[in-house]
Ligand SMILES: [Zn+2]
Ligand SMILES: [Zn+2]
């Protein structure tokens, strides 16, 4: 068999298989979005969240933090990288978003990774940068959170609070639009 | 169907399924099958010292190969995989059955090309000849690895990571292909049904791959699917009785000799060649290449 034939057959097979997987993930994502009647931006929903949930999340989680020794927190800073899941249970959006935190030359940044509906169906996200962690020493930290609202994106300051090794809360307040999210490590 | 293929899967479950096939199969298929083969050898009066020493050498090469793989993994490979995943990859695919199935298909296709390369370039054959140097054919031969056998697959699996697959999934899929391939090293199973022999790699097809008969050289490189060989012109069916081994027999069960004989032969060949260019060409030209 000629080398060029080998090359083109190989290329065609790889494009067919991997392309199929990407097309499938793209189409099943699209279909689901339409089926659920959800809007394009999931982040938009985070903003319109009721205060009840905010209070619930904060009260729910804070008592655990005192139990954590300071040293363990230091070590755990390194474990920030990885996948974190945030549950949203509002009138507008029920489900969760998985974010991936990467360490980029010493700066921890979170990107959208996956959307999951309550039934467990997941769709990959575009990988948008949503959070840059400026510092997270000890139990508290601060970062820049990107939210999208009515087509515009806003960079706002967010407060981070370590609950335990596998949980932290992120809260922000932007002209009355506020929320506290609980980030849980996967 | 689409719903089934796109349903999100939990990592823990996926790792568990692979664990059952990739790891536990040693206990519930491979070892029992090897015992069965030993009984068969005894029945055929072929259970002799050479066979036992050959099997022990196979076990030794596996331990050496595994140690190299662990060291490579710790040193760099996993880091390189993750770096490529984060920086040089198409959008990451979600974890569902479609992703798992296509990842195994790609790992199988990568295995085909990895295997074909190891047969067709001097440096590849220096390591892969170890696997082919046994004159027996049983499941212990599947564990007969050469010193660079852990290195070559990296070159062929990194492109899969670049296509958007999770590095861990790629590694699990690679081991899956390898374990399937292990199960083919047996003389007990004859030919399977036509459709199976047409699509899948089978013991019959892999016996051909291990043949030193001239028409069987460099044929049937497949891991799981034989269709790669059919599509890329390297398929050969089992007709003549297979004589196992390599054209230049090793005649030794010394585990160190078994493990390193390919590298030794390549080194001696390069030493005998005139000129730096020819020495380098010996690494990438086919194993039987000689300067004109
Ligand atoms: Zn081979
Ligand atoms: Zn083999």
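The values are calculated or read from the model by the stated rules, or taken from the named source; none is laboratory data. Only a predicted model underlies this, so the values are computations on that prediction, with no experimental measurement involved. Cβ: placed from backbone, ideal geometry, glycine included. Neighbour counts: every protein chain shown.
General remarks:
- Scan of region B:4-31 for residues that are over 19 Å from residue B:176 (Cβ atoms) and surrounded by 12 or more Cβ atoms within 10 Å (Cβ to Cβ), ordered by number: B:6, B:7, B:8
- Of the residues screened, residue B:206 is not one that is under 19 Å from residue B:249 (Cβ atoms) and either surrounded by 18 or more Cβ atoms within 10 Å (Cβ to Cβ) or more than 16 Å from ligand 2 (Cβ to nearest atom) (or both).
- Exclusive hit being within 14 Å of chain A (Cβ to nearest Cβ) and within 26 Å of residue B:218 (Cα to Cα), set B:104, B:100: B:104
- Any hit, region B:100-111, residues being surrounded by 18 or more Cβ atoms within 10 Å (Cβ to Cβ) and over 23 Å from residue B:226 (Cβ atoms): no
- Region A:113-152, residues that are within 11 Å of chain B (Cβ to nearest Cβ) and either within 12 Å of the chain's Cα centre (by Cα) or part of a loop (DSSP other than H, G, I, E, B) (or both): A:113, A:114, A:115, A:116, A:117, A:119, A:120, A:121, A:124, A:125, A:126, A:127
- Residue selected from region B:67-88 under the condition within 13 Å of chain A (Cβ to nearest Cβ) and more than 19 Å from residue B:14 (Cβ to Cβ), by the criterion surrounded by the fewest Cβ atoms within 10 Å (Cβ to Cβ): B:87
- Residue check for residue B:255: surrounded by fewer than 16 Cβ atoms within 10 Å (Cβ to Cβ), out of contact with any strand residue (DSSP E or B) (no Cβ under 6 Å at 6 or more places or on another chain) and touching a residue at least 60 places away in the same chain (Cβ under 8 Å): no
- Screening residue B:159 against (1) part of a helix (DSSP H, G or I); (2) within 14 Å of chain A (Cβ to nearest Cβ); (3) away from ligand 1 (no atom under 16 Å from the Cβ); (4) surrounded by 19 or more Cβ atoms within 10 Å (Cβ to Cβ) leaves a single unmet condition, (4).
- Check on residue A:95, within 14 Å of another protein chain (Cβ to nearest Cβ) and at pLDDT below 85: no
- Hey, residue B:140 within 14 Å of ligand 2 (Cβ to nearest atom), in contact with a strand residue (DSSP E or B) (Cβ under 8 Å, 6 or more places away or on another chain) and touching a residue at least 60 places away in the same chain (Cβ under 8 Å) or not: no
- Residues being closer than 21 Å to residue B:256 by Cα and in contact (Cβ under 8 Å) with a residue 24 or more places away in the chain - total across region B:109-137: 16
- Helices (runs of 4 or more DSSP H) enclosed by region B:38-147 - at least 2 residues per element that are away from ligand 1 (no atom under 16 Å from the Cβ), more than 14 Å from the chain's Cα centre (by Cα) and closer than 30 Å to residue B:8 by Cβ: B:78-87, B:97-120
- The sole residue among B:231, B:225 that is free of Cβ contacts under 8 Å to residues at least 12 places away in the same chain and more than 15 Å from ligand 2 (Cβ to nearest atom) is B:231.
- Check on residue B:248, more than 14 Å from the chain's Cα centre (by Cα), modelled with pLDDT of 95 or more and away from ligand 2 (no atom under 13 Å from the Cβ): no
- Hey, residue B:242 within 16 Å of ligand 1 (Cβ to nearest atom) and under 19 Å from the mean Cα position of the chain (by Cα) or not: no
- Sole residue being in the same structural domain as residue A:83 (by TED's automatic domain parsing) and out of contact with any strand residue (DSSP E or B) (no Cβ under 9 Å at 6 or more places or on another chain), chosen from A:138, A:143, A:106: A:106
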